[in-house]
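Report on the following structure.
Nothing in this text is a laboratory measurement; each read-out follows from the coordinates by a stated rule. In this text, all values refer to a predicted model and were calculated from it rather than measured experimentally. Cβ sites come from the backbone with ideal geometry, for glycine too, and all protein chains shown count toward neighbours.
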Amino acid sequence: MKKLMRNEAGSVLVMAAAGITLLATLAAVAIEYSRFSSVNSKFASTLDNALLAAATARGSEEQANQIANNFFQANFGIEMQNLGFKLSSLSVEKQDNYRWTIQADGGYSPLIGDLIGLDTLELSHTARVIWDTSTNIEVVFAIDTSASMCMDIERSQIQDGSFIQKFSPDPDCKKLTSLKEALTYVLREGFAPIEANNSEPLFKVGIVPFNHKVNLPVKPNGNNVPAPLMNAEFTGGDKAYYDNLADAERIFPVVPLTEIKTPAQLDTLVGKVNAITQDPQGLGWTRSNIGLLTAGLMLDPSYTGSFGGAAPRSFGGDVEKVVVLMTDGANMGCCYAAYPEGNFTNQFLYLYEPDNAHMEGLANYPHLQPWAAKYQIQQAGLCTTMKDAGYTIYTVAFDVNDNDPGGREIKRVLKGCASNQQFFFDVGSPQELKTAYEVIARSFVRLRIDQ
């Protein structure tokens, strides 16, 4: 009996030892599986974000691969590297301008490699990014094309401490050329000729070249000036202000909202940008408020008949309305008018205050209250009114110096007009202008992972 009991006790010990070994193995496997799931999840999410970063940069395939690899190495995490993880391959492929894919392989050494007979647990991930088509985007670029865009400016300080500007014609129009190159980049890289979820084109784009006027589309009945623009010319409703361009330097017609459904439509829009020219001998007069207001009206469904082209959608819902305003100088003054009160009628005003007040409101201009009432200028100003209505506004001050006449003031107006401080760009050179527009272009690139 004692011998039998000793045999049974031994069997129990063996079974207990086997059970403990099994439990330990299961625990090790569970830990390894949890570790594998964590590494695999981190691997996939890092690659997805690397692809989004690479595609959003809108560069070449070679540049995309460099960005993706750098992003992965910087973000995969030290703890993952400490596991002995090794990246075998990572490649980004540009299928077209609107679809990119990433493929990557790697692996790490498991803690229970001897137990499961594997030296390496392999990981693999493939992802694709496509345009997010859930939101329609309508954009109008208001661009200052006055003759100062074809002038070189020499700034100097004289003995009394004041600053002077010396303008000289630039036959190469370097500033205007850089603007066209920057805008072409935005059109090529920021907009996709595809449809949104509602079968509308994802993008509609318009362009408003301006100096101190805008060249509006001609209607058979001649009544093509929207009422807000009639007020904004500040001459008591003189429609000829816009119809008569003889006193304005060369100004190209506004390009009404254009649907971007096909690459050919995009090419046509780029062609219109490249066709813009200017005479370096011109006046260089600028009224940014006219450019901004025209762009805003073009995006308002109530004024479609004044511009032609594609009809803008109603505000709200799944549509974004964006205005990008660029100018290279202060507002030159408003008009022929009797201002200030008691001034001689029809004396031309080289005074930027009324145009600035039109944009930023009357808080800084209490002395303009009588004038504002006459021309229905809103107390809050055009910029605030547009932002409250749902517009997103980007502003760009190009080669504007604080010491230029009205320079500090126009930069204040533009900065306050932008939807936030990051949407205001104060740039001094053609290269800085291009960089600003590249940043703006990336804001239109809405990509999502499509596994």
Non-local residues with an amide H under 5 Å from the amide H of Trp100, with H modelled 1.01 Å from N and Pro and chain starts lacking one, are Gln95, Val129
Please list, by residue number, everything in the range 128-142 whose backbone N is under 20 Å from a paramagnetic label point 7 Å out along Cα→Cβ of Arg448. 128-138
Using label points projected 7 Å from each Cα along Cα→Cβ, tell me how many nm separate Asp388 and Ala74, to one decimal. 4.1 nm
A 22 angstrom limit on the alpha carbon distance is what I want to check against. Which of Lys261/Lys415; Lys213/Lys261; Lys180/Lys213 exceed it? Lys261/Lys415; Lys213/Lys261
Given 0.36 nm per residue, what is the gain on full extension from Ala380 to Asp426 after removing their alpha carbon distance, in nm? 14.2 nm
